[in-house]
Amino acid sequence: MTRWSITALTARRTVAMAMLATAMALAGCGGSADSSKTEASTTAGSTTEASATTELVKPYDGFEKEYPDSFPTPSKAEGKQFTIGCQNPVGTGNETTTTFCKGVEAQAKALGMGYIGLVDGLDIDKQVTNFNQLLAQNVDAIVLYPLAPDALRASLNKAKSQNVPVVGFDVTFTKDADAPGYLAQVWQGRDHQAYESVAYMAKLAPNGKVGLIGIGAPVPALKYLIERQRFWAEQLGLEVVGEQDNTSDDVAGGSKAMTGLLGRFGDIDGVIGYNDESAVGAYTAARGQGREDVKIIAINGSDLGLTALRAGRISAVVQVDAANQGAQAAVAAYNQLTKQSLPLPNVVLRSPQLITKDNLGSVASWKDQLAAIESGSSAG
């Protein structure tokens, strides 16, 4: 949704695998940004439209609302040929990170840009190698989610020397953080995610006892998410009785974490999982112990989460705006390459959306959003 030192290859890869397998997963601040909201025609099915959310919970009023949701919409520069590269930090098996890069690709096509996609496979060294490979292939811009930002310092410097702008997904996630070497960032809004999940839980279980499922590895963005969930729980009258980690970042790990929570807190009213897998696993464990009354909320909004919501296995999903995050990264790069609307905001934030059965039918799928972006028919 992230800084740590790199001491050994094994340790680096452990952290990297944990970080991105969460489906980001992963928000911060690379400096001040214009607080005005820029309407961009390149945005499809925007999840920042809060009409559905405001009917479910009180609108988010945290610091992340100060950031613009879009970069300025560029005019297509005739006769200009550019190629953009996107590095998928996980791989095709992760729907969220794959959708990020598909959003980059769709927007690139709409703007007449070439596209090269590479897969980092949760490997820090491979991410660095892929970055350098893109530079060797003479791409004009690069988009990526850094597994371990410190590992990319030399590569970022090389990109700067070659005048190749780099746009990052969630390089940082706190208000005062900086992201040297990056043209701009696209955030998915960790504090906003925390608020939406907790606010709806407070509606489902007023003054209830709640457990949180996090990830076992020391992933700063996800630890920050838990921290903000605790903050909002206190504000909204919930008691966070405990946390349990999903050590394998999958459904089985979520089930094991839920079993641990139920073993320690038998009277728990609700659980919030950091990803869809954790929430679905929590449902499986709760049902196995006859506790189908426990309210469960997921974060991510992949097909897994939406299917579970549709089937009534979980109560809500806080969906990240994955397709438009990718599209906005491509827009930032194109603006820079064609010298339009400069200087750009340091950060734009694609807000998450709270989805329940009440508004599930009105939510555009990532697939539909991607099609709209590529066709150029999307509306801000």
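The values are calculated or read from the model by the stated rules, or taken from the named source; none is laboratory data. All values reported here derive from a predicted model rather than from experimental measurement. All Cβ positions, glycine included, derive from the backbone under ideal geometry; neighbour counts span all protein chains shown. Side chains are part of the model used for accessible areas, which takes the heavy atoms of the whole protein and leaves out ligands, DNA and RNA. Shrake-Rupley method; radii C 1.70, N 1.55, O 1.52, S 1.80 Å.
A few points about this structure:
- Residues that are surrounded by 16 or more Cβ atoms within 10 Å (Cβ to Cβ) and among the polar types (S, T, N, Q) do occur in segment 152-173.
- One residue from 48, 54, 129 being open to solvent by 30 Å² or more (accessible area, probe 1.4 Å), out of contact with any Ser or Thr (no Cβ under 9 Å at 6 or more places or on another chain) and modelled with pLDDT under 95: 54
- Scanning segment 333-343 for residues that are within 26 Å of residue 173 (Cα to Cα) and either surrounded by fewer than 19 Cβ atoms within 10 Å (Cβ to Cβ) or charged (D, E, K, R) (or both) returns 341, 342, 343.
This table checks each residue for (1) surrounded by fewer than 18 Cβ atoms within 10 Å (Cβ to Cβ); (2) among the polar types (S, T, N, Q).
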| residue | (1), (2) |
| --- | --- |
| 295 | no, no |
| 303 | yes, no |
| 315 | no, yes |
| 320 | no, no |
| 326 | no, no |
| 331 | no, no |
| 345 | no, no |
| 359 | yes, yes |
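- Hits in segment 256-266 - residues which are open to solvent by 30 Å² or more (accessible area, probe 1.4 Å) and either closer than 22 Å to residue 222 by Cα or at pLDDT 95 or above (or both): 256, 259, 263, 264, 265
- All positions within segment 204-223 that are open to solvent by less than 30 Å² (accessible area, probe 1.4 Å), of a type outside the set (A, V, I, L, M) and at pLDDT 95 or above: 208, 211
- Taken over segment 283-307, residues that are in contact with a Pro (Cβ under 9 Å, 6 or more places away or on another chain) and of a type in the set (A, V, I, L, M, F, W, C) amount to 1.
- Qualifying residue in segment 113-133 (condition: more than 21 Å from the chain's Cα centre (by Cα) and under 30 Å from residue 192 (Cα atoms)): no
- Selection count where residues are more than 18 Å from residue 248 (Cβ to Cβ) and open to solvent by 10 Å² or more (accessible area, probe 1.4 Å), scope segment 278-287: 1
- Within segment 64-119, considering residues that are more than 19 Å from residue 370 (Cα to Cα) and of a type in the set (Phe, Trp, Tyr), the one surrounded by the fewest Cβ atoms within 10 Å (Cβ to Cβ): 82
- Residue pairs meeting the criteria (Cβ under 6 Å; at least 6 apart or on separate chains; first under 26 Å from residue 111 (Cβ atoms) and among the hydroxyl-bearing types (Ser, Thr, Tyr), in segment 340-367; second assigned to a helix (DSSP H, G or I) and open to solvent by less than 60 Å² (accessible area, probe 1.4 Å)): 341/335; 351/192
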